[in-house]
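Asker: This is the structure I have questions about; it appears just below.
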Amino acid sequence: MAAPSVFQMILCVLALTCALLVVLQRNPVISAISLLGTLFTTGLLYFTLEAYFVGAVQILVYAGAISVLFVFIVMLLDLKPTRVRVPGRAPTIVLGVTAGASFFVLCALSVLPVLKTFGLLDTMSGGLGEAAEGPLAISVLLLSKYMLPFQVTALLLLASIMGVVVLGKRTLPPRVSSFEKRKD
Amino acid sequence: MSELTLIVGLGLCLFSIGIVGFVTRRSGLIALMSLELMLNGVNICLVAFARHHNSPEPSALVMLIVLVAAAEAALALALFVALFRQSGSVDLDDYRMLKG
C-alpha cells in the first residue's frame, strides 16, 4: 500500500488532538465540540481513502446529527465544569489509564506484525474501484448477505424511538434516597 | 510506514482514548462521548481494511455500526435528560444504588 500522504498525517494528528480534548477537557461543551471535530476529520480521512459513500454518511449522520445532538443536550442541561480533584477517584483514574494503555500495547503488538505480512502480500497499488466501494455494492450486500442484521437494526431504531418518546413524556417522581443524603 | 499502518494505528489510539475516558470520567455524557470515540475507532479500522482488501463488506458493517451508534446515542441522551430532571445530576457516581 502506498505511503501515507501529508494530508492524511495532518488529519490523523487533528483527530487524535480532538479525541484527547474530549477526554481531558473539564468543560462538557468543549468536549462535545471536540467530539464533532474528531468525527468530522475522520470523515475527511475516509475521503482520502476513497471511501466516498462511507465518508459522506460519516459526516451527515455522525458529525451532522449525533454530535450536534450531544452539543444540544450538553447546552440544554447547562452542566458545570467538573471539579478537578475529587477524593477517592485516584484508583479509578490509575485503573482507567492502565486499562487503556495496556489495551493499546497488546493490540499494537498483535496487529502490527500481521499488517507487515499484509504489506508483503499486497499487490494492490492503491485506489478502490467504483464497484467495490460505491453505494451500489454496499446496498447489495446489505440487502442480501446482511439482510437479517439490517432488519434487526431497523427494529432497534424503532425500539429506541419508542423508548425516547416514553422517557421524554413521563416525569419521574423525585427521588428521596441516598443521593439527597450524600449532597448534604 | 504504510498507509494501512497509520490508519489502523489511529483507530487503535481512538479506541484506547475512549477506554480511558469511559473509565475515568465521572460525567455520564462524557462517558457516552468516549463510547462514540471507541465506535469511531472501530469504523476507521474497518474502512482501512475495506480499502486494503478492495471489498465492500467492511463498509456494510460500518453502516450497521453507525445505525447502532445513532440509536444508542439518542436513547442514552434521553435517559440522561430524564435523570437530570429527576435529581439534577448526570454524574455516574451519584447513581450507585445498583451497586448493593
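Asker: With a point put 7 Å past each Cα toward its Cβ, work out how far A:Leu20 is from A:Met162 in nm, to one decimal.
Answerer: Each label point is offset 7 Å from its Cα along the Cβ direction, giving 4.6 nm.
Asker: Oh, and also: Say R0 is 22 Å: what FRET efficiency, to the nearest 0.05, do A:Val29 and B:Leu92 get from their beta-carbon distance?
Answerer: 0.70
Asker: Now for a separate question. Roughly how large, in nm² to one decimal, is the mean projection of the convex hull of the alpha-carbon atoms in the protein assembly as shown?
Answerer: About 16.2 nm², averaged over all directions.
Asker: Taking the Cα centre as origin and putting +1 on Lys and Arg beta-carbons and -1 on Asp and Glu beta-carbons, what dipole magnitude results for the protein assembly as shown, to the nearest 20 debye?
Answerer: The dipole magnitude comes to about 1340 debye.
Asker: Still on this model: For the range A:35-76 and the range B:13-67, what is the centre-to-centre distance using only Cα atoms, to the nearest Å?
Answerer: Rounded to whole Å, the Cα centres lie 12 Å apart.
Asker: Continuing with this model, one more query. When every alpha-carbon pair in the range A:130-169 is counted, what percent end up more than 17 Å apart? Please report the intermediate quantities before stating the final value.
Answerer: On the way: 378 of 780 pairs.
Considering the range A:130-169, 48 percent of its Cα-Cα pairs are separated by more than 17 Å.
Asker: Right, here's the next one. Can you give the direction-averaged projected area of the convex hull of the alpha-carbon atoms in chain B, in nm²?
Answerer: Its Cα hull, projected and averaged over all orientations, spans 7.5 nm².
Asker: Same structure, new question: Using +1 on the beta carbon of Lys and Arg, -1 on that of Asp and Glu, and nothing else charged, what's the dipole of chain B about the Cα centre, debye to 20?
Answerer: Numbers: 6 positive and 7 negative charges, 45 e Å.
It works out to roughly 220 debye.
Asker: Using a 7 Å offset from Cα along Cα-Cβ at A:Lys116, what residues in the range A:1-20 end up with backbone N under 19 Å from the label point?
Answerer: A:1-4
No lab work stands behind these numbers, since they all come straight from the coordinates. Owing to the predicted nature of the structure, the values given are computational and were not obtained by experimental measurement. Here Cβ is always computed from backbone atoms with ideal geometry, including for glycine, and neighbour counts include all displayed protein chains.
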